[in-house]
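No value in this document is a laboratory result; all are computed from the given coordinates. Just so we're clear, the structure is a prediction, and the values are computed from it rather than from any experiment. No Cβ is skipped: glycine too gets one built from the backbone with ideal geometry, and neighbour counts run over all protein chains shown.
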Amino acid sequence: MGSSRLFAYLQLTRPANVVTAIADIWAGVAVAGAWAYITVGENSVSQEILLNLIWLSISTIGLYGGGVAFNDVFDAELDAIERPERPIPSGRVSKSSAAWMSFILLVIGVLAAAQVNLVSAGIALTVAVLAVLYDYWGKHQNLLGPINMGLCRTGNLLLGVSIAPELLSTFWPLGLIPLIFVAAITMISRGEVHGKNRNALYGGLTMYIVVILVIGAMPFVHGTAPWEVFPFLALLSYMIFPPLIKAIRSQNPKLIGKSVKAAVISLIIVNASLAAAFAGWQIGIIVLLLLPISLWLAKKFAVT
């Protein structure tokens, strides 16, 4: 009984998705150039940066887990009709218990970031507010909803960059990449229950292409060898385009759902591409190692 109850609480946090949020942090740390210190070896600086990486990873686990769990709290009545198998409508978790767990996770997220620096704490608090705003209000807005959701991921990437807060003023525009990618996923997911949203699917396809082109241009801007980044982008294309094209052709809600699931998991590949563009293919591979973990969890827990 205890293990099934724990499983229900874990379901609320979408564990496979949480791993994609860790990838945001690791990519942000790569943008900040901090992985070079971590991989150098045993010295006080590398140990301090590794500890900060761990704190920021814990922070994003709390922020993402709390944010998506609150989504189920606010959606309890709708889920009772559309997804009665979810933990709250099925009665496996009470709405009040889920709300408390969500709140505690968000607090942990902010407190963990505060162990790094105050800028990190401020970004974490902003992400927490944006997540709850999306759960309560944003997801019901056709235009602002996808932007709201994308801003949560923007904040998450910048939370990783904040390991070196002085670099935020230089690299904050990179936050537009997860903003566009996640806004595309959110647009596409609107048809997951009822289908018939071809315009949104085409819009999402266009936004995915923009993201790939922007990341593809980064090696030339940053001075990294293009061959270090392009294989990651090829993998990303392989993951997101075939299921989306099938969904566009059929308008079938199940295929739209599969397309959304593939894109959410592919956030890890987006982050691996970014990491490779700024820190080389080896760090890109380190971020990409999160992919099999997320795929394994996706078989056991719902992604959408």
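Here are the numbers for this structure:
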quantity: Residues ARG83 and ILE285, FRET efficiency given R0 of 30 Å [Cβ-Cβ distance, rounded to 0.05]; calculated: 0.25
quantity: Residue order, fewest to most surrounding Cβ atoms within 10 angstrom, among ILE212, ILE188; calculated: ILE212, ILE188
quantity: Along the chain, longest interval not containing exposed GluC sites (Glu not before Pro), exposed being DSSP loop plus at most 15 other Cβ atoms within 10 Å; calculated: 86-304
quantity: Gain in span if fully extended, ILE293 to LEU168, counting 0.36 nm per residue against the direct Cα distance; calculated: 42.1 nm
quantity: Packing-based order for 265-273, 168-176, using average beta carbon neighbours within 10 Å, highest first; calculated: 265-273, 168-176
quantity: Listed pairs LYS95/LYS254; LYS139/LYS246; LYS139/LYS299; LYS258/LYS300 exceeding 19 Å between Cα atoms; calculated: LYS95/LYS254; LYS139/LYS246; LYS139/LYS299
quantity: Full-extension gain in nm, LEU111 to ASN43, via 0.36 nm per residue minus C-alpha separation; calculated: 21.9 nm
quantity: Square roots of five times the Cα gyration tensor eigenvalues for region 2-300, Å; calculated: 29, 24, 16
quantity: Net length gained if the chain between ARG198 and LEU235 were fully extended (0.36 nm per residue, minus Cα distance); calculated: 10.8 nm
